[in-house]
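The values are calculated or read from the model by the stated rules, or taken from the named source; none is laboratory data. Note that the structure is predicted; figures quoted are calculated from it, not measured. Heads up, the Cβs are rebuilt from the backbone with ideal geometry, glycines too, and the neighbour counts pull from every protein chain shown. Note: accessible area is taken over every heavy atom of the protein model, side chains too, but ligands, DNA and RNA are not part of it. Shrake-Rupley method; radii C 1.70, N 1.55, O 1.52, S 1.80 Å.
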Amino acid sequence: MSRLSDFPITQKWPPKDPDVIQLYSLPTPNGVKVSIALEELELPYEAHRVSFGTDDQMSPEFLSLNPNNKIPAIIDPHGPDDTPVGLFESGAILLYLAEKTGRLIPNDPIGRYETIQWVMFQMGGVGPMFGQFGHFYKYAADKVANNPYPVERYKKEVRRLLGVLEGRLRDRKFIMGEDYSAYSIADIAIFPWVRGLSVGYDAADVLGLADFPSVQAWVERCSDRPASVKGFTVPPEA
């Protein structure tokens, strides 16, 4: 454990194999982005469950790695120059893993930046807006029962963002292209959030997801990949 002993988080979640990537997460739309990428890249890793029920994300050990108290976070014992590195923010982690392996991101500079822009589209738009919709539509429905404004506001924005994706995916299988080799961190960043509208929020009808057939077909393609099927369940229930 010598390579990881300088990270206080390992005191709460001791690694069984300190020579592999340590993942601290939950199977949420943000969390599974990283587990799916790790599975796609076939990188050895060890998953640790950060339980919101016991406020693990607020523990001093977790905050030592991510002061923003959000999942996911990772430690790679073999970072740049073989130096251990700890990272938080799922978009940053996806970019790091892609560049570490030279996979899931185009090699040409234009393609690389185009991929990054779609990752930022998720980080700045899809994640926050979809999350706010889900909060008011499902988790805080009782608090806004007499005020339709929050749900309608975020419903409108979710549909706008889905329209952007529909336009992008109308003539291609994945965000970055038609060929199956075009699958990238842009897809991995976005599709779990779109999938969550149905699987997590039970909002397919209220959002009219049938209006976005290209998006729905893309989500199915991404979800059916073996790495996605496995990544959806990481970390497993204790």
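Below is a table of values for the structure above.
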{"read-out": "Sole residue being closer than 25 Å to LEU38 by Cβ and open to solvent by less than 60 Å² (accessible area, probe 1.4 Å), chosen from VAL158, VAL234", "value": "VAL234"}
{"read-out": "Top-ranked residue of the stretch 175-207 - restricted to ones that are among the β-branched types (Val, Ile, Thr) and open to solvent by 20 Å² or more (accessible area, probe 1.4 Å), ranked as nearest to ALA217 (Cα to Cα)", "value": "VAL199"}
{"read-out": "Condition check for MET120: closer than 24 Å to ILE36 by Cα, surrounded by 17 or more Cβ atoms within 10 Å (Cβ to Cβ), free of Cβ contacts under 8 Å to residues at least 60 places away in the same chain and of a type outside the set (S, T, N, Q)", "value": "no"}
{"read-out": "Selection within the stretch 1-10 - of a type outside the set (D, E, K, R), modelled with pLDDT under 95 and open to solvent by 20 Å² or more (accessible area, probe 1.4 Å)", "value": "MET1, SER2, SER5"}
{"read-out": "Given (1) assigned to a helix (DSSP H, G or I); (2) touching a Gly at 6+ places or on another chain (Cβ under 9 Å); (3) aliphatic (A, V, I, L, M); (4) more than 20 Å from ARG103 (Cα to Cα), number of the condition VAL234 does not satisfy", "value": "(1)"}
{"read-out": "Subset of the stretch 123-152 [over 18 Å from the mean Cα position of the chain (by Cα), closer than 29 Å to PHE88 by Cβ and surrounded by 13 or more Cβ atoms within 10 Å (Cβ to Cβ)]", "value": "PHE136, TYR137, LYS138, ALA140, PRO150"}
